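The structure under discussion appears below in the form of structure tokens.
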Amino acid sequence: MTAPSDSASAETPAVRCRSLGVSFGAVQALRDVSLDLVPGRIHALVGQNGAGKTTLAKVLGGLQAPNTGEVHVGGRKIPPGDVRAAQIAGLSMVHQHFSLPPSFTVAEALELAAARKDGRSFFRRTELQRKWQNEVAELGGPTILSTRIRDLHVETRQSLEIVRALAGDARILLLDEPTALLTPAATDQLFERLLRLRDNGVTILIVLHKLREVAAVAETVSVLRDGELVLGPSEMAEVSEGQLSDAIVGPASGADRTVGMAPAAEAAQETLLELAGVSTRESAFELGLNEINLRVESQEIVGIAGVEGNGQRGLVSAIAGLTPIADGSMRLGGVDATRAGPARRRLRGLRLVPFDRNTEGISRSAPLWLNQSALRLVGRHPRRFPLISLRQYKRQAAEAMDVWRVRYDTVAQPAESLSGGNVQRLILSRELAPGVEVLVAAQPTRGLDFSATNFVRRSLRELRDGGAGVLLVSSDLDELFELSDRLLVMYGGRIVARFEAPYDRRTVGDAMTGALR
Amino acid sequence: MEQILATTLRSAAPLVLVATAGVFAFRAGIFHLGLEGLMITGAFTTVAVGDATGSVELGILAAVGVNLVLSALYWWVIGPLGANVIIAGLGLTSIGLGGTAFALGAIFDKRGSIFTDVVLPRPVRGITSGAGVIVSELSILVWITPLIVLTAWVVLRRSRFGLRLAAVGEYPFAARSVGVNPSIVRLQALLIAGALCALGGAELSVGALRNFTENMTNGRGFIAFVAVIFGAWHPIGAALAGLFFGFADAIGIQSQINITERVPREFVLMIPFVITIFAVWLGGLWRRRSLEAEAGYAELREPDY
């Protein structure tokens, strides 16, 4: 472990923490983390999933009380787990997940977040809007104040999160993976904004996933691995990218063994999935699809790009058979499947890696073997006897999970006990079992660490090379560029642009924001 | 006609009070199925303590006190102890219904019902003709109910406490992230709800009537619950819904008086419930556009973060 920088420096650190330890049950999320952040600079915090980044940010922000250690903000000690105290000391947090209630108007949401010191218990709407006018001036001025949070674009919501965080005169800003949902252009804007704030003397700690983004905005970088601070804070100029990724990943561990895929489809090019003029009704939570035309052939990966909330969820759920297709038709392997239910579609070789693996991909409370073999209960496998052999199911589940290197203790443990990467492996072990013709993969690597991400990407490529078709929905442009043979962009429930490799980041980005119609 | 109007006010007042209680709980994210139970403990305690002390004010005060204790208990069971909100709510209702019936036997050595001399003051007096007779029988609680509803509206929609309450109900993480403890806010909401239920119960036993009868709430707590949903969780909306259900009740009562000869009694008694079901269906259609309530429903569970 690297010792924190000399504490006898002239300036009081904006944030100082000493030997922080946090454990959740048997899991040690943070071990003895000590960190000093010099005021007026942009500090990046990086690390793999589960390295403890979010936990550290939460402890600093007062949202999580540490088991050991203490936090000082601006030289003052903060009582553990006290959000108010941290805010009063000038520290404010922008969360990974949006923290503004969707039904609130912008003015109400800001008022909710404001410190209680200006003390009036009751308000008028107009008065509230006047009060927050200046804060949101650059986001669209007074008109935005009566807009409900849920009606805002994701970029505006993100900006508003920062406005909210700064509302109480915050001098220190913690941002937890703020770029996860943003387009490249919006990320650039965010970074410009952070630089301006820095110039005004605000100290910033930003949790990031991508080294490219770290290089773009940060002045110092710290690395967490397995809950320990293994590097930093070090000046960006003094660390090479190689050193950084070594620190993140740790001493070389055995690389994942390549998974041999059993291809189901023969090598000849054929259309596996075809949507012709598919429209769906708009629901309360999801945009309707508008005349979607797309084809996925064998041996290709078709990427779907788009800012989140532009119909991607609707598309996946329409293909999976969870949302009825109101207009148009869908064919699976050349056979009409417009009215087929989810089970029949799956029997035709459709497989799904859903958006939210923890709620849609697995049953959290069910044991691993049941999750692993769930698909087999749908199938029409020859049954001599109408009962199933649990022992056989468990054994086969264990074998499949071993092939996919799911880390587990027993097949009977509940699925919720797995980490994110392992849950994704479990899902892949189920969905990519022999019989797969078309895989719809929605955000398959979101929130996974480097090695798990690489594993998933390699699996998708191997699946394609084995003859299957893949529809890859992702908000990570790097991933789409790397994997897709063709790329479609969704905007407002339509496909607005189609690209072939090589891709131009700017043009694709423009299409995503609707600038290119 | 005037009769129906006055009867509507009298039937609606307890419903509106309890529905307002429900709005506080709903907005804090609690599907409060204990309203019925709290209503009847309110009705009983007012009569019991009012009768013993001879003071209706003391009776109501005691009813509020009992309900505060019961609400805190409910909070403790669903919050710190983590019990299911719906089951615990129904349990609270069972305790209320069973407990008051038991207490009736234990304290007054009676079964079924008791009469009382204490009664809520009737502020409008001296009208002796026409509909005025019924208006002059309306208790003070009926008159101040609109005031309570209006206060609830201001508190819920125009105060910082209201914002915190709504945030806790809709998206607890939002509240936690600004240093608000959702658990405490839920307790506050439940205490307010408990007090309002006590008033609703009191109006029933010593406002509209002068007795306590076993199971006298007769599902009114649940109708108030429905009124909250029908009114889209809005205090004014819920009050209007309560008023509407009161109207349905009044029609039932009036037609019972007028047309019993020709129509079976049971059928007439059915009317309010048929209207209620119809109204809920209608409310569901209408509310589909207002996402607010649905969002609240979806966020009942804590988001994983």
Relative contact order %, the stretch A:15-249, counting alpha carbon pairs below 8 Å whose residues are six or more apart: 29
Sequence-distant lysines (8 or more away, or on other chains) whose Cα lies within less than 29 Å of A:K210: A:K53, A:K58
D (Stokes-Einstein, µm²/s), Kirkwood Cα radius, the stretch B:2-298, 0.692 mPa s at 37 °C: 169
D_trans [Stokes-Einstein, Kirkwood Rh over alpha-carbon pairs] for the stretch A:15-249, 25 °C, 0.890 mPa s, µm² s⁻¹: 134
Inter-label distance for A:R339 and A:A326, nm, one decimal - labels placed 7 Å from Cα along Cα-to-Cβ: 1.9
Beta bridges per DSSP with both ends in the protein assembly as shown, % antiparallel, nearest 5: 55
A:Q413-A:S451 FRET efficiency (beta carbon distance; Förster radius 25 Å; 0.05 resolution): 0.65
Volume per residue that the Cα convex hull of the stretch B:16-59 spans, once the total is divided by residue count, Å³: 67
Within-13-Å neighbourhood charge of A:A29 [Cβ basis; K, R +1; D, E -1]: +1
Average beta carbon contacts from partner chains per residue of B:151-161, 10 Å cutoff: 3
Charge context of A:T126, other residues only, Cβ under 15 angstrom, K/R +1, D/E -1: +4
Hypothetical label at A:F122: residues of the stretch B:13-38 whose amide nitrogen lies under 12 Å (7 Å Cα-Cβ projection): none
Candidate lysines for bridging to A:K131, where Cα separation is under 22 Å - those fewer than 8 sequence places away on the same chain excluded: A:K117
Shape metrics for the stretch A:332-484, restricted to C-alpha atoms - Rg then Dmax, Å: 15.5, 49
Positive-pole candidate from A:L352, A:P502, B:V47, dipole of the protein assembly as shown, charges at beta carbon: B:V47
Globularity index of the protein assembly as shown, i.e. its alpha-carbon radius of gyration over 2.2 N^0.38 Å: 1.10
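Any read-out appearing in this document is the output of simple, stated calculations on the displayed coordinates, not a laboratory observation. For clarity, every value in this text was computed on a predicted model and none was experimentally measured. So basically every Cβ, Gly included, is an ideal-geometry build from the backbone, and we count neighbours across all protein chains shown.
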